[in-house]
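Worksheet: one structure, shown below.
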Amino acid sequence: MTYTTCVIPCRMNSSRFPGKPLARLKGRELLLRVCDNAAKSIADHVVVASEDKLLVDFAIQNGYDAVLTHEHPTCTHRVCEVSKTLRSDYIVNLQGDEPCITPSMINAVINETVGKQYKMVQATYPIESNDLYDEDCVKAVINNGKIINLTRNPELYTENLRGIAGIYVYDIETIRNFDKYDLRLVNAWQGLDTFGFIGQIDVIPYEFPQRTHAVDRPTDILTVEEQL
């Protein structure tokens, strides 16, 4: 039987939106909305991963498991650390600022990864013209069914370009080894963690029908509330 754990990385010191996980959307904190969606999915276990004791305590007080991690340069490092303590076959990395990724979307990415025994699947979506030069919308370049590059500001729009949604599924070996991969591009381009996997393993895209808006900045709250 395959066991899947959903890890939700989050921290208080976001440069674009300090204190973001506790921002309220329609009366419920952002972090709890993401946890609620994960808990309704087919994932067997949900755990919050944070370097902030405040968030760990908050998650536990609201009925969710949580782990206090070391400080890390990226959220994927945080998921990697927690994965080494878990007995699980697959790990879902569900970003703590993605409340519009529904349980059915989580299920779809899990089923794609487990059913086809991929090492890593990353959710994407078709980009629209207003997404193209939105720096909060990370774009993936897809070729021959694999993600081969990432960018925030593409020089040219192509049919191979897709937006990146904040959910990734890995087999346990792949995410546990993340800190051993070549991370120079990850360090050079903040927020583009998938560079650490490209060239090491095949990164397979799974396309959602439309963009799931994340909460990157305070001004995103209204947009996300409308999508919710």
**Request:** Within the stretch 133-166, count every residue that is within 18 Å of Ala214 (Cα to Cα), surrounded by fewer than 19 Cβ atoms within 10 Å (Cβ to Cβ) and either touching a residue at least 40 places away in the same chain (Cβ under 8 Å) or touching a strand residue (DSSP E or B) at 6+ places or on another chain (Cβ under 8 Å) (or both).
**Result:** 3
**Complete:** Here the residues within the stretch 21-57 that are in contact with a Gly (Cβ under 8 Å, 6 or more places away or on another chain) and assigned to a helix (DSSP H, G or I) are Pro21, Leu30, Leu31, Val34
**Prompt:** Counting only residues that are assigned to a helix (DSSP H, G or I) and free of Cβ contacts under 8 Å to residues at least 40 places away in the same chain, which one in the stretch 185-205 is surrounded by the most Cβ atoms within 10 Å (Cβ to Cβ)?
**Reply:** Leu185
**Message:** Could you check the stretch 66-117 and list, in sequence order, the residues that are under 16 Å from the mean Cα position of the chain (by Cα), in a loop (DSSP other than H, G, I, E, B), polar (S, T, N, Q) and farther than 20 Å from Tyr206 by Cα?
**Reply:** Thr74
**Asked** Can you tell me how many residues in the stretch 187-214 are modelled with pLDDT of 95 or more, in contact with a Ser or Thr (Cβ under 9 Å, 6 or more places away or on another chain) and hydrophobic (A, V, I, L, M, F, W, C)?
**Response** 5
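Suppose we filter the stretch 196-227 for residues that are of a type outside the set (Lys, Arg) and closer than 20 Å to Cys10 by Cα; how many remain? Lay out the reasoning, then the answer.
Residues of the stretch 196-227 of a type outside the set (Lys, Arg): 196-210, 212-216, 218-227.
This time we only want the ones that are closer than 20 Å to Cys10 by Cα, so: 196, 212-216, 218-221, 224-225.
The qualifying residues number 12.
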**Request:** Take the stretch 206-228 and flag every residue that is in a helix (DSSP H, G or I), hydrophobic (A, V, I, L, M, F, W, C) and buried (at least 17 other Cβ atoms within 10 Å of the Cβ).
**Result:** Ile221, Val224
**Fill in**
Within the stretch 117-129, the count of residues that are farther than 17 Å from Pro209 by Cβ and touching a residue at least 60 places away in the same chain (Cβ under 8 Å) comes to 3
**Prompt:** Of the residues Ala59, Ala23, Ala38, which is of a type in the set (A, V, I, L, M, F, W, C) and within 18 Å of Asp220 (Cβ to Cβ)?
**Reply:** Ala23
**Request:** Sort out which residues of the stretch 160-189 are over 22 Å from Thr4 (Cα atoms), over 14 Å from the mean Cα position of the chain (by Cα) and not charged (D, E, K, R), and write them in order of number.
**Result:** Asn160, Leu161, Tyr181, Leu183, Leu185, Val186, Asn187, Ala188, Trp189
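The values are calculated or read from the model by the stated rules, or taken from the named source; none is laboratory data. It should be emphasised that the depicted structure is a prediction, and the values quoted were computed from it without experimental measurement. Neighbour counts run over all protein chains shown; Cβ positions are idealised from the backbone, glycine included.
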